[in-house]
Amino acid sequence: MSVRIAVIGVGALGKHHARILAALPGVELVGVVDINEARAREIAATAGVPWATSAAQLPWAVDAVTVAVPTKSHLAVALPFLQRGTAVLVEKPLARNAAEAGQMIDAAARSGAVFGVGHTERYNPAVTAVRPLIDHPRFIEVHRLGTFPDRSLDIDVVFDLMIHDLDVVLSLVPSEVASVEAVGVAVLTPKPDIANARLRFASGCIANVTASRISRDRVRKIRLFQRDSYISVDYAAQEAERWRLVRQDGGMPAIDGGKVDVASEEPLKLELADFADAVRDKRAPGVTGADGLRALELAQRITDAMQRDADAGPKP
């Protein structure tokens with residue numbers, strides 16, 4: 001039986017939801033919604049489905065919706081569906097703040113609705129390939145650099161870009177974040193466009209995370225260092241390497257490694273397929289509302305730390 005899904009918000013990202021869902025086996029894309037009628041018509045025509053301009057009175061029977069509207073509208077759009085028990089996938093960041101995220105999580109828990117958050121890098125095949133090789137990393141270095149966007153300018157670079165990596169790092173380090181140091185600079189918008197955060201985990205692991213939306217080049221990489229091994233992932237190229245020290249009895253240790261086998265696929269497609277399966281099987285998706293909240297809370301801690309740094313002023 002096909003899972004009936006509607007896409008709400010078909011802008012820069014939502015149009016890809018519609019494209020993928022229209023062709024995904026076991027899924028029926030029943031329609032698209034956007035407050036911009038011209039955009040709704042265009043994407044609906046491309047996908048071969050009907051359109052609407054309001055999610056308040058959805059004209060189709062659905063099992064689930066994906067929500068790709070601006071962050072400020074996530075709660076207003078998603079909450080009524082969750083309260084009715086309709087499955088929802090909300091794009092990252094889950095909400096503007098933890099209180100709004102909590103309302104959605106509580107509503108899903110009360111109604112039993114399947115609830116997921118769109119942290120697509122969790123589904124990146126390169127990340128999936130190296131996950132079994134990661135064992136208590138001690139140092140993590142992340143760079144996510146992009147050119148200036150024409151979207152998501154209602155949020156700063158931490159909630160726009162860095163939050164992808166915060167979610168991945170939190171999923172790889174089995175420990176709580178003990179302290180946060182951060183700096184951010186607003187260059188082209190009133191909100192920080194480039195930011196760096198240094199996260200210290202209770203386990204002793206340090207993560208140095210940099211995100212920029214004003215770079216000339218696009219870079220999306222994460223490197224992990226752990227006892228006797230080094231792992232590198234290029235999110236964009238979907239490539240990974242692992243190098244490790246091999247100790248030999250009575251002899252010099254050797255270095256072994258190279259490229260890790262990665263089965264390339266579009267992460268968003270894998271995410272949406274997992275969500276559809278979760279709806280069909282009535283299980284939790286790969287990235288839950290609780291996961292989305294944890295990444296959101298860490299992003300807020302970083303934003304708060306950036307503000308404290310800015311308030312402190314220049315150092316002598």
Item to check | Residue list for the stretch 102-114, restricted to those being more than 11 Å from Leu79 (Cβ to Cβ) and crowded, with 21+ Cβ neighbours inside 10 Å | outcome: Val114
Checklist entry - Which of the following residues is farther than 30 Å from Ala305 by Cα and free of Cβ contacts under 8 Å to residues at least 40 places away in the same chain: Ala178, Ala254, Ala202, Ala240? => result Ala254
Checklist outcome for this item: Listed by range, helices (runs of 4 or more DSSP H) wholly within the stretch 1-120 having at least 1 residues that are polar (S, T, N, Q) are 37-47, 74-84, 98-111
Item to check | Looking only at the stretch 29-46, and only at residues there that are more than 16 Å from Ala12 (Cβ to Cβ) and aliphatic (A, V, I, L, M), the one that is surrounded by the fewest Cβ atoms within 10 Å (Cβ to Cβ) | outcome: Ala45
Checklist entry - How many residues are crowded, with 23+ Cβ neighbours inside 10 Å and either among the hydrophobic types (A, V, I, L, M, F, W, C) or closer than 16 Å to Ala295 by Cα (or both) if we restrict to the stretch 123-143? => result 3
Checklist entry - Do you know which of the residues in the stretch 178-201 that are under 17 Å from Leu224 (Cα atoms) and of a type in the set (A, V, I, L, M, F, W, C) is surrounded by the fewest Cβ atoms within 10 Å (Cβ to Cβ)? => result Phe201
Checklist entry - Would it be correct to say that Ser171 is part of a helix (DSSP H, G or I), farther than 16 Å from Gln300 by Cα and modelled with pLDDT of 95 or more? => result yes
Checklist entry - Which ones in the stretch 174-198 are in contact with a helix residue (DSSP H, G or I) (Cβ under 8 Å, 6 or more places away or on another chain) and either assigned to a helix (DSSP H, G or I) or of a type outside the set (Lys, Arg) (or both)? => result Val177, Val180, Glu181, Ala182, Val183, Gly184, Pro192, Asp193, Ile194, Ala195, Ala197
Item to check | Members of the stretch 267-302 that are in contact with a helix residue (DSSP H, G or I) (Cβ under 8 Å, 6 or more places away or on another chain) and farther than 27 Å from Thr66 by Cα | outcome: Ile302
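The values are calculated or read from the model by the stated rules, or taken from the named source; none is laboratory data. This structure is a prediction, so every number in the text was calculated from the model and none was measured. All Cβ positions, glycine included, derive from the backbone under ideal geometry; neighbour counts span all protein chains shown.
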